[in-house]
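For reference, the structure discussed in these notes is given below.
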Amino acid sequence: MDETRGPGTGGAGTQRRGRRIMMSDEEVDAFLREQRTCRVATVSPDGRPHVGALWFAWDGTSLWLYSITRSRRWSDLRKDPRISVVVDSGESYDELRGVELSGSAVFVGEAPRTGEPCPELAEPERIFPVKNFGIEEMPHDGRHAWIRLTPDAVVSWDFRKI
């Protein structure tokens, strides 16, 4: 059964999993706010996929990735902005749950990020350091910069509902 849905996307994206195991918009939002690590998939110039783990922040509409600017991920996205991200959890089959978000990456702020004023980064830079470092102020190391994914498609699953 298909259903069109996607938090923060105005209903964009197609849910291709059974209605019974998909998360509600509220469950997706809560899940993305509590999880820390995602897997980011990009397309290399030769067409091969590249997947790597990264910490993230979710603001209710967009997923924010703080990536090293000299990484393969960064280079891939500069050439081809298509991106898919999976956030998942669970060990046993009946605990598995997750969200896949896909769309186009947008680079926000200076690269690398030095902390120059950028109103668009106020929310991710408020959320990220508290969630991932347990501190209030965003550290800038001159090696990382921000990538925003406002998803075109969102697919979710929660096997605890089976």
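The values are calculated or read from the model by the stated rules, or taken from the named source; none is laboratory data. Note that the structure is predicted; figures quoted are calculated from it, not measured. Note that we place each Cβ from the backbone using ideal geometry, even for glycine, and neighbour counts take in every protein chain shown. Ligands, DNA and RNA are excluded from the accessible area calculation, which covers all protein heavy atoms including side chains. Shrake-Rupley method; radii C 1.70, N 1.55, O 1.52, S 1.80 Å.
Values for this structure:
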{"read-out": "Mean Cβ neighbour count within 10 Å, used as a protection proxy, ranking 24-35, 56-67, 134-145 highest first", "value": "56-67, 24-35, 134-145"}
{"read-out": "Förster radius 22 Å - calculated FRET efficiency between D88 and D152 (Cβ-Cβ, nearest 0.05)", "value": "0.65"}
{"read-out": "Mean separation of Cα contacts under 8 Å (6+ apart) over length of the range 29-87, as relative contact order %", "value": "40 percent"}
{"read-out": "The range 99-155: relative contact order as a whole-number percent, Cα under 8 Å and 6+ apart", "value": "58 percent"}
{"read-out": "Sulfur and carbon atoms: percent of accessible area, the chain [1.4 Å]", "value": "50 percent"}
{"read-out": "Sites S75 and L96 - FRET efficiency at Förster radius 30 Å, r taken between beta-carbons, to 0.05", "value": "0.40"}
{"read-out": "Contour minus Cα-Cα distance for D25 and A111 (0.36 nm per residue)", "value": "27.7 nm"}
{"read-out": "Å² of accessible area per residue within the range 87-162, as computed with a 1.4 Å probe and no ligands counted", "value": "51 Å²"}
{"read-out": "In degrees, nearest ten, helix 25-34 long axis to first principal axis of the chain (Cα)", "value": "50 degrees"}
{"read-out": "Rounded if a/c under 1.5, otherwise prolate or oblate - the range 92-156, Cα gyration tensor axes", "value": "oblate"}
{"read-out": "Relative contact order, percent, the range 59-159 [alpha-carbon distance under 8 Å, six or more residues apart]", "value": "41 percent"}
{"read-out": "Assigned charges on the beta-carbon of Lys, Arg, Asp, Glu; the chain dipole about Cα centre (debye)", "value": "580 debye"}
